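K.L.:
Below are the structure tokens for one structure; questions will follow.
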Amino acid sequence: MKLEPEHDNLIAELLLKSCDFFKGTDGDCYITVDSPYGKVTLPLDSQEGTAIVTGMYHQQADHIIERAELERGARLAFSKIIWEPAREVYLRVGRDAEHYYLDLKTTPRKYIQFGADGWRIVNSVPIHFREGQGQLPMPEPLKGDTFEEEGFTALRRLLTINDLQWRCLLPLLVSYMLPDIQHPLLLLTGEQNSGKSTFLEIIKTLLDPNSAAIGGDVPDPRNLFIKVNSTWVSTFDNLSRLDEKQQDAVCQIVTGGTYQTRRLYSDAGLVSITAKNPVILSGISNVANRGDLASRAVLFELQSIDRLKRPIPAEMLTAQLNRAQPSILRSLVNLACAVLNARSQTEAPARVRPASYGVIGLAVERVLGWPTGSFVEAYHMTHRPLEQDVIENVPVITALVSYLDQYRKDGEHTIGSTELMLMLASYADETVVRSALWPKRPADFSKLIVRCLASLRKEYGWDAVQSRDMTHRYWKFTYKQPEQPTARPNIELPVKLRPRPKESLGQSVRRVTREKKGGKK
């Protein structure tokens with residue numbers, strides 16, 4: 001049945017007068033309607049949004065509209081608001097010019113409004129929260145504006161973490177309550193029975209409970225952006241590895257990024273998916289072995305649970321968390337308010353990424369009375385294994401560290417890119433040199449140095465600058481004692497040192513060339 005032109009006007013009028021129809025900053029159209037739970041904001045093209053508009057139109061016109069009919073009416077309505085300012089739509093946590101808000105998803109709707117001036121429970125907010133798939137309600141925090149040891153003590157007892165990890169975790173949880181900053185990636189590693197999955201479940205339940213199970217493998221970048229767009233805290237458990245594209249996508253999500261793809265049934269239209277969400281990954285070994293992602297991560301190496309300690313059944317652990325959650329939330333919200341009050345007088349510490357996390361960490365340190373410098377020390381102690389993994393994951397850089405070791409006393413060393421690549425071949429196993437792990441061109445070798453330069457500088461004190469003349473490229477390495485010197489790497493297969501007698505650069509190049517041609521003399 002083809003609708004008459006006036007039906008398009010009726011649908012548009014319904015959207016504009018019976019709903020709060022507006023354009024989001026992500027480019028999608030949203031409607032805000034009254035429900036038994038309070039005001040609810042939904043994407044117009046979602047299953048719930050389409051069903052609500054269909055029911056409302058059926059009451060007025062006694063007609064069940066099809067999706068194509070709704071799209072035609074929505075376009076007409078959109079033409080009338082196209083020049084209105086777009087509105088921000090939040091998921092679980094949001095903010096306006098003065099306060100932050102945490103959506104409890106209760107029935108009826110209640111929110112925690114908090115800021116530098118304190119916090120309170122409110123029934124309505126001046127911003128829009130959309131409905132995420134599978135989101136569950138959260139309990140109201142206990143009343144009180146002081147830091148209660150009971151809440152933090154209960155949380156630490158549930159997580160069984162050490163002092164260094166605790167001093168990194170509290171600023172991390174506070175940052176998860178602030179949607180306008182960059183959030184560090186949290187990595188959990190450890191052997192079986194170290195509580196990684198339990199850790200994920202507790203953090204997820206505490207700040208963003210969801211009916212969906214903890215995620216498994218990280219999907220491709222497109223589906224990853226879609227997945228994190230439906231929840232606030234994204235968790236992935238039991239990971240074995242992440243390829244380069246997956247690590248780049250996770251890096252974009254924790255710092256704030258947009259994935260664009262072609263709109264279906266269109267040649268020129270684009271669909272943009274924006275995300276700036278906390279992400280937690282867990283696995284037996286570290287999966288963030290690229291420098292850009294590792295520099296934005298915090299690593300918790302969890303220890304195996306004492307075998308003499310009787311394990312707690314999952315249902316008992318859940319019951320303990322449910323009893324302690326109101327007290328934990330009160331402590332976290334009070335801490336967040338104090339941090340927001342102290343944040344303006346706090347400068348970002350050096351070598352802590354993202355910088356917003358460093359500011360929050362120093363503010364938490366000041367508010368809770370920790371020893372001066374304890375947060376930065378805890379961050380570096382938990383972060384150092386990540387920098388070392390970045391170096392050890394690239395055989396060329398591992399060999400480079402060993403090669404440069406002889407020039408520490410000189411303080412600097414200059415060598416051509418081609419000569420350096422040939423020289424390092426003598427510091428690596430022959431099978432590695434012939435494999436795909438070893439660069440075959442000086443340009444590829446230079447890319448690896450640039451990618452790992454930050455870790456090389458932090459852990460081993462070597463900085464590098466590349467220059468070139470008309471015919472050659474040169475690397476100038478300069479050494480400066482790192483703040484926490486790292487021992488010379490113990491290189492084993494697939495990369496190992498082969499001791500060589502002292503020889504000149506020309507002799508080394510001729511020998512390497514001769515060996516590659518098959519000669520052994």
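Per-residue answers, yes or no, for (1) surrounded by fewer than 16 Cβ atoms within 10 Å (Cβ to Cβ); (2) outside the structural domain of T231 (by TED's automatic domain parsing); (3) among the aromatic types (F, W, Y); (4) closer than 20 Å to I181 by Cβ:
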position: V33; (1), (2), (3), (4): no, yes, no, no
position: T41; (1), (2), (3), (4): no, yes, no, no
position: M56; (1), (2), (3), (4): no, yes, no, no
position: A61; (1), (2), (3), (4): yes, yes, no, no
position: D96; (1), (2), (3), (4): yes, yes, no, yes
position: P108; (1), (2), (3), (4): yes, yes, no, no
position: I121; (1), (2), (3), (4): yes, yes, no, no
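K.L.:
Looking only at the range 189-227, filter to residues that are part of a loop (DSSP other than H, G, I, E, B) and among the charged types (D, E, K, R); which one of those is modelled with the lowest pLDDT?
P.N.:
That would be D217.
K.L.:
Where residues in the range 110-129 are outside any loop (DSSP other than H, G, I, E, B) and hydrophobic (A, V, I, L, M, F, W, C), which of them is nearest to G24 (Cα to Cα)? So that I can check it myself, show each step before the final result.
P.N.:
As a first pass, look at the range 110-129 and keep what is outside any loop (DSSP other than H, G, I, E, B): 111-115, 118-122, 128-129.
Among the residues that remain, those that are also hydrophobic (A, V, I, L, M, F, W, C) are: 112, 114, 119, 121-122, 129.
Details: I112: 23, F114: 24, W119: 27, I121: 26, V122: 24, F129: 11 Å.
Ranking the candidates gives F129 first.
K.L.:
Here's something else I'd like to know. Could you please let me know if T418 is assigned to a helix (DSSP H, G or I), over 26 Å from the mean Cα position of the chain (by Cα), surrounded by fewer than 18 Cβ atoms within 10 Å (Cβ to Cβ) and without any contact (Cβ under 8 Å) to a residue 60 or more places away in the chain?
P.N.:
Yes.
K.L.:
Filter the range 216-233 down to the residues that are buried (at least 22 other Cβ atoms within 10 Å of the Cβ) and either under 12 Å from S282 (Cβ atoms) or over 14 Å from the mean Cα position of the chain (by Cα) (or both) and list them by number.
P.N.:
Passing the criteria: only V218.
K.L.:
Additional query: Pick from T205, T189: which is of a type in the set (V, I, T), over 14 Å from the mean Cα position of the chain (by Cα), farther than 25 Å from R323 by Cα and crowded, with 16+ Cβ neighbours inside 10 Å? Give the steps one after another, and end with the answer.
P.N.:
On the way: T205 fails: farther than 25 Å from R323 by Cα.
Matching residue, one of T205, T189: T189.
The values are calculated or read from the model by the stated rules, or taken from the named source; none is laboratory data. Every value quoted in this text rests on a predicted model; they were computed, and no experiment measured them. A quick note on method: Cβ atoms are made from the backbone with ideal geometry, for glycine too, and the neighbour counts reach across all protein chains shown.
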